[in-house]
1. Look at SER266 and say whether it is touching a Cys at 6+ places or on another chain (Cβ under 9 Å), surrounded by 20 or more Cβ atoms within 10 Å (Cβ to Cβ) and assigned to a helix (DSSP H, G or I).
2. Does the stretch 300-322 contain at least one residue that is outside any helix (DSSP H, G or I), surrounded by 15 or more Cβ atoms within 10 Å (Cβ to Cβ) and out of contact with any strand residue (DSSP E or B) (no Cβ under 8 Å at 6 or more places or on another chain)?
3. Under 7 Å between Cβ atoms, which residue pairs at least 6 apart in sequence (or on different chains) link something in the stretch 282-307 that is within 16 Å of PRO170 (Cβ to Cβ) and touching a residue at least 60 places away in the same chain (Cβ under 8 Å) with a partner that is among the aliphatic types (A, V, I, L, M) and in a helix (DSSP H, G or I)?
4. Does PHE154 satisfy the criteria of being in contact (Cβ under 8 Å) with a residue 60 or more places away in the chain, out of contact with any strand residue (DSSP E or B) (no Cβ under 8 Å at 6 or more places or on another chain), open to solvent by 60 Å² or more (accessible area, probe 1.4 Å) and closer than 14 Å to LEU338 by Cα?
5. Report the residue count in the stretch 237-291 for those that are of a type in the set (Gly, Ala, Ser) and under 17 Å from SER199 (Cβ atoms).
6. Take the conditions part of a helix (DSSP H, G or I), within 27 Å of the chain's Cα centre (by Cα) and of a type in the set (Ser, Thr, Tyr) and apply them to SER101. Does it pass?
7. Being part of a loop (DSSP other than H, G, I, E, B) and open to solvent by less than 40 Å² (accessible area, probe 1.4 Å) is the filter here; which residues of the stretch 214-253 pass it?
8. Please tell me if VAL234 is closer than 14 Å to THR408 by Cβ and aliphatic (A, V, I, L, M).
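The values are calculated or read from the model by the stated rules, or taken from the named source; none is laboratory data. Keep in mind the model is a prediction, meaning the values are calculated, not measured. Cβ atoms come from the backbone with ideal geometry, glycine included; neighbour counts cover every protein chain shown. Calculation scope for accessible area: heavy atoms of the full protein, side chains included, ligands and nucleic acids excluded. Shrake-Rupley method; radii C 1.70, N 1.55, O 1.52, S 1.80 Å.
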Amino acid sequence: MFTLNLIPSTPITFSKSTHQYFPIKRIQTPKNLAESPVFLTKSTPLNFNKIHACPFGKIQALSTKTTHLGKILENPSRKAGSHVPKAAASSESNPEGEAESVEAAAAAKSKAKTLQLALVFGFWYFQNIVFNIYNKKALNVFPFPWLLASFQLFTGSIWMLVLWSLKLQPCPKITKPFIIALLGPALFHTIGHISACVSFSKVAVSFTHVIKSSEPVFSVVFSSFLGDTYPLKVWLSILPIVLGCSLAAITEVSFNFQGLWGALISNVGFVLRNIYSKRSLQNFKEVNGLNLYGWISIISLFYLFPVAVLVEGSQWVQGYQQAIQTVGKASTFYIWVLLSGIFYHLYNQSSYQALDEISPLTFSVGNTMKRVVVIVSTVLVFRNPVRPLNALGSGIAILGTFLYSQATAKKVSASEKKS
């Protein structure tokens with residue numbers, strides 16, 4: 001006889017049987033029990049988890065998973081994921097809904113980017129137009145470009161100091177190597193700025209901008225001397241620039257050699273500033289464009305103002321009195337000078353911010369179109385006479401500048417892909 005001790009103090013006895021297939025005949029219920037054991041009643045399921053602390057629950061879970069896997073193997077045509085419980089399936093999002101939401105987000109982002117780009121270009125163009133108009137008005141009654149150029153740098157310096165002191169713009173860490181690295185770019189910036197102001201005081205604003213559109217010619221020439229190479233497309237693109245500027249200079253009504261040379265020297269100064277900045281400021285890439293321009297303006301002011309005093313300082317008092325008599329109101333003259341200084345800094349600030357927001361190709365195209373807008377605006381405001389050949393030459397020069405920007409942008413993108 002075999003005894004299985006399932007219930008304390010209540011032995012249950014199995015009688016041996018000689019049956020061929022079922023050796024256990026039946027379970028004998030002891031007579032001393034008033035009723036059948038709990039685990040034998042039909043209304044109570046067996047709970048093997050509590051028998052001698054054996055982990056039958058884990059075995060039961062494993063058998064359930066095995067049965068579930070067997071159902072999947074028996075019917076392989078079932079869709080993937082059809083065996084996932086409904087609760088889990090309902091928690092997953094609809095792929096089509098996700099795609100629509102992604103497309104909507106992308107469209108909204110594209111619209112926001114387009115609006116931002118329009119605002120950047122709008123402010124850049126507007127500020128440049130205001131500067132050119134009031135700068136020319138001030139120079140017409142007060143023809144002292146050295147003092148006016150110094151005041152414009154002074155206004156920009158004060159503007160940046162206010163932004164840094166109020167923490168509206170993070171102030172860069174100033175070190176001796178950083179200041180030394182800025183000395184060269186600031187010197188060339190001073191040359192470019194004062195030369196442009198001299199040109200504005202001698203000729204029409206439109207003519208100065210047409211000549212300044214030849215800046216790519218100087219950039220290619222100087223960079224080639226320093227070892228840079230350019231494809232044939234770039235060299236071909238500067239030919240219409242030279243042709244257009246020459247035609248515009250010959251047919252310009254307000255032509256003046258001082259104005260012409262001032263615009264050309266301005267191109268040389270700004271090109272050398274850009275080239276020298278790339279070489280001397282490579283170790284200070286953490287300084288953003290606006291802070292860099294702010295410190296260049298401050299150092300340029302120290303370069304320019306002492307020279308301005310030597311060149312034309314003795315004539316300032318007399319020139320100021322004549323300017324007040326010409327304008328009629330001192331406040332009007334002050335407003336012209338103040339607006340020229342403020343918007344000179346603002347349009348340069350916007351150009352640096354635009355360069356941070358958009359690609360170099362888009363910036364070059366925008367800069368080309370900016371000259372067109374400024375030329376047309378100043379011609380309309382000052383009513384400068386424009387001959388047909390002069391307009392044709394200006395258009396050819398602007399077109400050459402556009403072609404140059406396209407060719408150089410492709411060159412830059414190709415070099416970036418190689419690197």
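1. On the way: touching a Cys at 6+ places or on another chain (Cβ under 9 Å): yes; surrounded by 20 or more Cβ atoms within 10 Å (Cβ to Cβ): yes; assigned to a helix (DSSP H, G or I): yes.
Against the criterion (touching a Cys at 6+ places or on another chain (Cβ under 9 Å), surrounded by 20 or more Cβ atoms within 10 Å (Cβ to Cβ) and assigned to a helix (DSSP H, G or I)), SER266 qualifies.
2. No.
3. What qualifies is PHE284/ALA181; GLY289/LEU355; GLY294/MET160; TRP295/LEU182.
4. Values: in contact (Cβ under 8 Å) with a residue 60 or more places away in the chain: yes; out of contact with any strand residue (DSSP E or B) (no Cβ under 8 Å at 6 or more places or on another chain): yes; open to solvent by 60 Å² or more (accessible area, probe 1.4 Å): yes; closer than 14 Å to LEU338 by Cα: yes.
Spelling it out, PHE154 is indeed in contact (Cβ under 8 Å) with a residue 60 or more places away in the chain, out of contact with any strand residue (DSSP E or B) (no Cβ under 8 Å at 6 or more places or on another chain), open to solvent by 60 Å² or more (accessible area, probe 1.4 Å) and closer than 14 Å to LEU338 by Cα.
5. 9
6. On the way: part of a helix (DSSP H, G or I): yes; within 27 Å of the chain's Cα centre (by Cα): yes; of a type in the set (Ser, Thr, Tyr): yes.
Judged against the criteria, SER101 is a match.
7. Of all residues in the stretch 214-253, those part of a loop (DSSP other than H, G, I, E, B) come to 214, 226-231, 251-253.
Correct list: SER214, THR251, GLU252.
8. Values: closer than 14 Å to THR408 by Cβ: yes; aliphatic (A, V, I, L, M): yes.
It is true that VAL234 is closer than 14 Å to THR408 by Cβ and aliphatic (A, V, I, L, M).
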